[in-house]
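The values are calculated or read from the model by the stated rules, or taken from the named source; none is laboratory data. These figures come from a predicted structure and were not determined experimentally. Cβ atoms come from the backbone with ideal geometry, glycine included; neighbour counts cover every protein chain shown. The protein model used for the area step is the full one, side chains on, heavy atoms only, and it has no ligands, DNA or RNA in it. Shrake-Rupley method; radii C 1.70, N 1.55, O 1.52, S 1.80 Å.
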Amino acid sequence: MSDESMYETGAGPGAGPETESEEAARRRLRDRPRAAVFTARAVLHDLRAVDGALYAAVAATPTPALDVGLRRLSNAADHSKISFAVAAGLALFPGRPRRAAAAGVGAIAIASATANLFGKRLVRRRRPDREAARVVVGRHVPMPESASFPSGHTASAVAFATAAGVVLPPAAVPLGLLASAVGYSRVHTGVHYPGDVAAGAVLGLASGTAALAVGASLMRARRQGS
């Protein structure tokens, strides 16, 4: 057999190893999605473990001087009552304060709808087992029946602080500190994991930004129409 016929049929020297290499490459490509899924699951498992450990650490840390105050703050933040009260106060003053109030209330609406209609229904994470973690009874607030992820209280508080703080910069720091305290209070009282609060904060930032964008668009439309 000639060299030409040997190479035409693919039976020449080195043909076998090349075929094995191609099969190995195809096998690697085929297994890559499985490996990615396995890695993602492993990362999520580790994140849940860290989340649970942080929750347990907060539950196990005695803070008698903070318990009553944080419990009351958590209750007061139900249905964004604190943010609405601040908005009502700001609305009494024309100009920037009133615009800040409007932007903040709009941000709450976006955050609340997104957290409750989408986030909680998609993830459906169970609430923490407060009794198993031995959260001090003096910290307890009513355990919500909704899913745990994300924290709606945190999302709304951060959304209000973000939008109102941009429109009225002097209020940014106080509102940011208040939103942070509301978020922590949800972990302290045992109704949320830290990861729920972190996700709520991210959602709140996005909602506040969206509310500001909508407000800016409406203002441009008014100027063009006038």
By average Cβ neighbour count within 10 Å, what is the ranking of 183-194, 121-132 from highest down?
183-194, 121-132
Enter the Cα centre distance for the pair the range 141-177 and the range 45-91, rounded to the nearest angstrom.
11
Using a 1.4 Å probe, what is the accessible area per residue for the range 78-117, in Å²?
53
Cβ-derived FRET efficiency at R0 35 Å, residue 68 paired with residue 145, nearest 0.05
0.90
Mind putting together the pair-distance distribution for the range 42-155? All Cα pairs, 5 Å bins, whole percent per bin, short to long.
2, 10, 15, 17, 18, 15, 11, 7, 4, 1, 0
Hey, can you grab everything whose amide H is under 5 Å from the amide H of residue 125? Only 5+ residues off in sequence or another chain; H modelled, so Pro and N-termini drop out.
148, 149
What is the spin-label model distance, in nm, from residue 209 to residue 173 if the labels are put 7 Å beyond Cα along the C-beta direction?
2.5
Summarise the accessible area of the range 38-175 (1.4 Å probe, protein heavy atoms) by the percent that is carbon and sulfur.
68
How much length would be gained if the chain were fully extended between residue 96 and residue 126, taking 0.36 nm per residue of separation minus their Cα-Cα distance, in nm to one decimal?
6.7 nm
Suppose the chain between residue 216 and residue 118 were pulled fully straight at 0.36 nm per residue; how much longer would it get relative to their current alpha carbon spacing?
32.7 nm
